[in-house]
């Protein structure tokens with residue numbers, strides 16, 4: 001099992017308790033090079049069995065020590081697959097994860113009362129909780145410049161842009177259209193991020209202004225939803241979201257199928273796009289949900305999955321190359 005460190009530090013998981021279905025987690029320890037942000041973003045972590053003696057040359061600490069260092073509560077010895085079946089039946093639910101020390105007796109009745117008061121994290125602006133508060137510049141020798149609107153970007157997305165020798169200006173989503181245009185970008189990338197995309201109305205309004213300047217725009221995950229909303233489309237909450245590394249996505253033009261990595265709880269309503277300038281380019285082969293969109297007359301496109309996919313699958317990393325061709 002790989003990818004647990006990336007998932008724990010993925011800003012898109014802000015506000016959520018993460019449940020892993022693979023039976024053994026932590027087998028290769030924790031290595032900071034696998035971080036997708038500066039620290040864990042999950043609110044809690046549940047596994048069936050924790051590996052306490054990891055074995056890998058890059059490991060700097062075990063998973064339990066890592067979570068304790070950042071005050072993230074963890075729980076093991078749970079039948080995680082049985083719990084997953086309940087979520088599949090009832091949908092994503094609010095919950096409490098309470099850690100007790102040895103010989104402490106949990107108050108089940110008290111927890112059942114407390115859980116009734118749990119606030120839905122999607123009612124908050126979670127993007128504002130994980131996005132940067134200032135602008136960062138990543139220079140290169142290239143003549144091409146991209147503005148990265150950071151709604152909670154994964155570091156591997158930034159790495160893919162830098163590896164392609166593009167100058168990257170990383171900005172918070174609160175920046176307005178004038179701020180973005182002042183950098184004279186050749187392209188704009190709207191990143192992934194947590195929560196309900198409708199909570200980020202300030203970025204939606206900004207994009208409506210930027211659209212008029214015919215700059216190539218690419219969206220990833222939350223970025224795809226933001227683009228759809230800016231073009232008067234609609235989004236809705238999925239019953240239990242798409243999570244994991246093996247989601248098949250079908251290209252409607254070529255009928256080719258890509259295996260993708262995904263992490264989102266909201267999706268684009270396909271009917272809402274019928275009277276817009278956006279068209280659907282990809283659908284999920286499992287449930288038919290929208291996985292890709294593009295503008296009919298401009299260089300605007302987006303995918304719902306994560307083409308950077310660290311670690312894997314690597315089927316769709318070429319999307320970064322396509323974005324590069326567009327801005328050139």
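Among the numbered criteria (1) surrounded by 14 or more Cβ atoms within 10 Å (Cβ to Cβ); (2) under 23 Å from residue 320 (Cβ atoms); (3) out of contact with any helix residue (DSSP H, G or I) (no Cβ under 7 Å at 6 or more places or on another chain); (4) free of Cβ contacts under 8 Å to residues at least 60 places away in the same chain, which single criterion is violated by residue 184?
So residue 184 meets the others, but not (1).
For the structure I just gave you, tell me whether residue 97 is modelled with pLDDT of 90 or more, surrounded by 12 or more Cβ atoms within 10 Å (Cβ to Cβ) and either more than 21 Å from the chain's Cα centre (by Cα) or on the phi < 0 side of the Ramachandran plot (or both).
No: the conditions fail for residue 97.
Yes or no: the stretch 123-134 includes at least one residue that is under 20 Å from residue 236 (Cα atoms), in contact with a strand residue (DSSP E or B) (Cβ under 7 Å, 6 or more places away or on another chain) and surrounded by 18 or more Cβ atoms within 10 Å (Cβ to Cβ).
Checked the stretch 123-134: no residue is under 20 Å from residue 236 (Cα atoms), in contact with a strand residue (DSSP E or B) (Cβ under 7 Å, 6 or more places away or on another chain) and surrounded by 18 or more Cβ atoms within 10 Å (Cβ to Cβ).
Give just the number: which of (1) closer than 23 Å to residue 212 by Cβ; (2) assigned to a loop (DSSP other than H, G, I, E, B); (3) under 20 Å from the mean Cα position of the chain (by Cα) does residue 287 not satisfy?
Against the list (1) closer than 23 Å to residue 212 by Cβ; (2) assigned to a loop (DSSP other than H, G, I, E, B); (3) under 20 Å from the mean Cα position of the chain (by Cα), residue 287 comes up short only on (1).
Could you identify the single residue in 157, 226 that is surrounded by 16 or more Cβ atoms within 10 Å (Cβ to Cβ), closer than 23 Å to residue 143 by Cβ, touching a residue at least 60 places away in the same chain (Cβ under 8 Å) and assigned by TED's automatic domain parsing to the domain that holds residue 294?
Of 157, 226, the one residue that is surrounded by 16 or more Cβ atoms within 10 Å (Cβ to Cβ), closer than 23 Å to residue 143 by Cβ, touching a residue at least 60 places away in the same chain (Cβ under 8 Å) and assigned by TED's automatic domain parsing to the domain that holds residue 294 is 157.
I'd like to verify a number: residues in the stretch 82-96 that are in a loop (DSSP other than H, G, I, E, B) and farther than 17 Å from residue 47 by Cβ, how many?
Qualifying residue count, the stretch 82-96: 5.
From the set of residues in the stretch 51-63 that are over 9 Å from residue 28 (Cβ atoms) and buried (at least 17 other Cβ atoms within 10 Å of the Cβ), which is farthest from the chain's Cα centre (by Cα)?
Per the stated criteria, the residue is 62.
From the set of residues in the stretch 316-328 that are outside any loop (DSSP other than H, G, I, E, B) and touching a strand residue (DSSP E or B) at 6+ places or on another chain (Cβ under 9 Å), which is surrounded by the most Cβ atoms within 10 Å (Cβ to Cβ)? Full working, then the answer.
Pass one, the stretch 316-328, residues outside any loop (DSSP other than H, G, I, E, B): 318-327.
Still in the list and also touching a strand residue (DSSP E or B) at 6+ places or on another chain (Cβ under 9 Å): 319-320, 322-324, 326-327.
Working: 319: 20, 320: 20, 322: 13, 323: 25, 324: 21, 326: 16, 327: 20.
It comes out as 323.
Within the group 42, 47, which residue is closer than 21 Å to residue 239 by Cβ and either in contact with a strand residue (DSSP E or B) (Cβ under 6 Å, 6 or more places away or on another chain) or assigned by TED's automatic domain parsing to the domain that holds residue 243 (or both)?
42
If you go through the stretch 290-315 one residue at a time, how many are surrounded by 14 or more Cβ atoms within 10 Å (Cβ to Cβ) and either assigned to a strand (DSSP E or B) or within 16 Å of the chain's Cα centre (by Cα) (or both)?
The number of residues fulfilling the criteria is 18.
Collect the residues in the stretch 101-115 that are surrounded by 10 or more Cβ atoms within 10 Å (Cβ to Cβ) and either in contact with a helix residue (DSSP H, G or I) (Cβ under 9 Å, 6 or more places away or on another chain) or not in a helix (DSSP H, G or I) (or both), keeping them in residue-number order.
106, 107
The values are calculated or read from the model by the stated rules, or taken from the named source; none is laboratory data. These figures come from a predicted structure and were not determined experimentally. With ideal geometry, Cβ positions are generated from the backbone for all residues, glycine too; neighbour counts draw on all protein chains shown.
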